[in-house]
Amino acid sequence: MAGFGKLILLILIAELIIAENSFHYGKSATRRSTSDCQTCCNDTCLHMDCLREASATVKNMDPEADPCTDFAEFACGNFYKTAIIPPGQPVTSVIYNIINQINDAMKEIIEEESEPGEWAYVKNMKNLYQSCMNKERVEQIGVQPYLNTSYAKEWPTLIGHHWPGESTFDLNDVMTKYFATGVTHIFSFSVKQDFKNTSKHTLNLNAPEFTLARSYLMKPRNDSVVMAYERYLRDLAIELGAGPTEAAQDAADVVDAEIKLAHISPSKEERRNDSNLYNPTTLAELGRNLSYIDIPRALRASFVTANITLEDDQEVNVAHSGYFNRLEGVVNSIGNRTLQNLFGFNYAISKVEDLTDRLQNIYFEYNKALYGAKTRMPLWLSCLWKIRSVFPYAISKQFVRRRFSEASKTKVLSMIANIKAEIEEMLQNATWIGNKTKAEALGKVKFYSICKTLRSAAPSEPSSPGVNSKSHHKHTPNIQPYTANMKT
């Protein structure tokens, strides 16, 4: 519910940004006269923003539909008939329209020339975007930089049938190497607030984040989406130089292994049970209790990239401990070649997924089966999403600076204050809550802080990976430790 609430708040903020910008940009501020700012008359809002939103709502409606029979058709019927799905997007909605407007604004910002004295993280962000957009250069270089890495040279699928690593395979060595690059496939981790003591953060362990969602991996093995995922892995490996026979067999084995992991992973319903998500321990205790796999070593490898040393007394919360208790049996049932391939495939995806035109076509065929996409995502949008994953705070900060006026900020702060006031009133009037619980709840409401995004500019420049605009292929080695740093 917390994540859903944040999403709703972000959408409301975005609506305010867009409404504010649509009023200000291209128009003189003097046009907002005193009469325009009259917000109500006989309980009817006559503010320009209210009129604009009301007009958009009426435009989306189908007044001919009977709301008692089909309210969705009544409220959104005309939107269903007239909405156009943008290229590369499988669906659309009113919220998607807002997201598309935000993306357009971010594109405009990131394509601007760098200014003298601009912070390095902003320049690096723009350089990464420019290198991503330079498709001629990307196609010219191709996938060779990836093939030159030790990760490609030790990937069994690319080596072929006679893989020399079978006898020397050590899962802990493999995990340590790949966790340092951000590829975490046996389990995942994050740093979050301790929800029983929000004054501190703790290291959270969880089930892996699958390339294909768990809900699909739980379907029958011959499900169309599962088979499309297997074809995607196979075709990706073949494009990188694997033999068709080895690629087909290894892709099938990897999907089978992920299905096994999915079956011991928690469901969405289980992930909502907070009482089962809280299993605090220490790094040393974790190593002793789960001796079949060296989780502390893998975690330390991840945090070294952020110049952080994890001590034995580091607090760790094991979400869904049942997964880790069952993991040993699953790992023992998977062959060494397939375990190595689990990391090999996922590392390759993280490096070359949409690099060249041919790789983009392979990925698009998978997306067609998964999302029903009709066309490939435009290059600029694909590059923008990459920027947002590597420089989330940088691009957000620039967006707020350029498009979030003081008037919008005031509106959001007012909205948040009103929401807090309503929550306090609801709690005060609730008769089913005990006095002690009510007092604690009211105390927490008063201590809610405003999102940092709404605050003034940061006093110091954030760190960022070094990036130039010449070669997109050279950036991933620099970006990988940075993204691992962001996890911490």
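Taken together, the values in this text are just the output of simple stated rules run on the coordinates, not laboratory data. Given the structure is predicted, the values throughout are model-derived calculations rather than measurements. We place every Cβ from the backbone using ideal geometry, glycine too, and count neighbours over all the protein chains shown.
Going from the fewest other Cβ atoms within 10 Å to the most, the residues 408, 414 appear in the order 414, 408. Of interest is the spacing of the C-alpha centroids, which for region 144-223 and region 419-450 amounts to 42 Å.
Checking the a/c ratio against 1.5 first, then a/b against b/c, what shape does the Cα gyration tensor give for region 266-412? Since a/c reaches 1.5 but b/c is at least a/b, the shape of region 266-412 is classed as oblate.
Here the simple spin-label model places points 7 Å from the Cα toward Cβ, and for residue 74 and residue 264 these points are separated by 5.3 nm.
Each Lys and Arg Cβ is given +1 and each Asp and Glu Cβ -1; about its Cα centre, region 143-354 then shows a dipole of about 360 debye. Determine the shape class of region 296-383: with a ≥ b ≥ c the square roots of the Cα gyration tensor eigenvalues, call it rounded for a/c under 1.5, and otherwise prolate if a/b is greater than b/c, oblate otherwise. Judged from the Cα gyration tensor, region 296-383 comes out prolate (a/c at least 1.5, a/b above b/c). Couplings for region 114-129, taken from phi via the Karplus curve 6.51 cos²θ - 1.76 cosθ + 1.60 with θ = phi - 60°, read 5, 9, x, x, 5, 4, 4, 5, 6, 4, 4, 4, 5, 5, 4, 5 Hz in order; Gly and Pro are left as x. Computed with the Debye formula from one identical point scatterer per Cα of region 143-354, without solvent, the log10 of I(q)/I(0) at q = 0.10, 0.11, 0.17 Å⁻¹ comes to -0.46, -0.55, -1.25. What Kirkwood Rh does region 61-168 have if only Cα atoms enter the pairwise 1/r average? Answer in Å. Mean inverse Cα-Cα distance, inverted, gives 19.7 Å. Only aspartates and glutamates eight or more places from residue 409 in sequence, or on another chain, were considered; those with a Cα closer than 13 Å are 15, 20.
Each part gets one Cα centre, and for region 260-288 versus region 124-143 those centres are 40 Å apart.
Annotation for region 271-339: trypsin sites (Lys or Arg not before Pro) lying in DSSP loop with at most 13 further Cβ atoms inside 10 Å of their Cβ are 272. Close amide H partners of residue 201, meaning residues 5 or more places away or on another chain with modelled amide H under 5 Å apart, are 194. Among the trypsin sites (Lys or Arg not before Pro) in region 213-265, which ones are in a DSSP loop with at most 16 other Cβ atoms within 10 Å of the Cβ? Mind listing them? Sites meeting the loop and neighbour criteria: 221. Summary value for region 75-234: 8 percent relative contact order, contacts being C-alpha pairs under 8 angstrom separated by 6+ residues. For 162, 320, 201, the sequence from fewest to most other C-beta atoms within 10 Å is 162, 201, 320. In region 192-274, a dipole from Cβ-located charges (positive for Lys and Arg, negative for Asp and Glu) runs towards its positive end, and of 220, 265, 193 it is 193 whose Cα lies farthest in that direction.
Of all lysines in the structure, those lying under 21 Å Cα to Cα from residue 260, and not within fewer than 8 positions of it along the same chain, are 219, 268. At a Förster distance of 35 Å, what's the computed FRET efficiency of residue 200 paired with residue 108, Cβ-Cβ distance as r, to 0.05? Given R0 = 35 Å and the Cβ-Cβ separation, E is 0.30. Bridging of residue 81 to lysines at a Cα separation below 29 Å is possible for 59, 107, 368, 374, once same-chain residues fewer than 8 apart are set aside.
When you restrict to C-alpha pairs under 8 Å that are six or more residues apart and normalise by the size of region 143-354, the relative contact order lands at 33 percent. Within the shell defined by Cβ-Cβ distances under 15 Å, the residues around residue 319 carry a net charge of +1, with Lys and Arg each +1 and Asp and Glu each -1. Expressed as a fraction of 2.2 N^0.38 Å, the value expected for a compact globular protein of N residues, the C-alpha radius of gyration of region 152-201 is 1.76. When every alpha-carbon pair in region 179-244 is counted, what percent end up more than 13 Å apart? Summing the P(r) tail past 13 Å for region 179-244 gives 75 percent.
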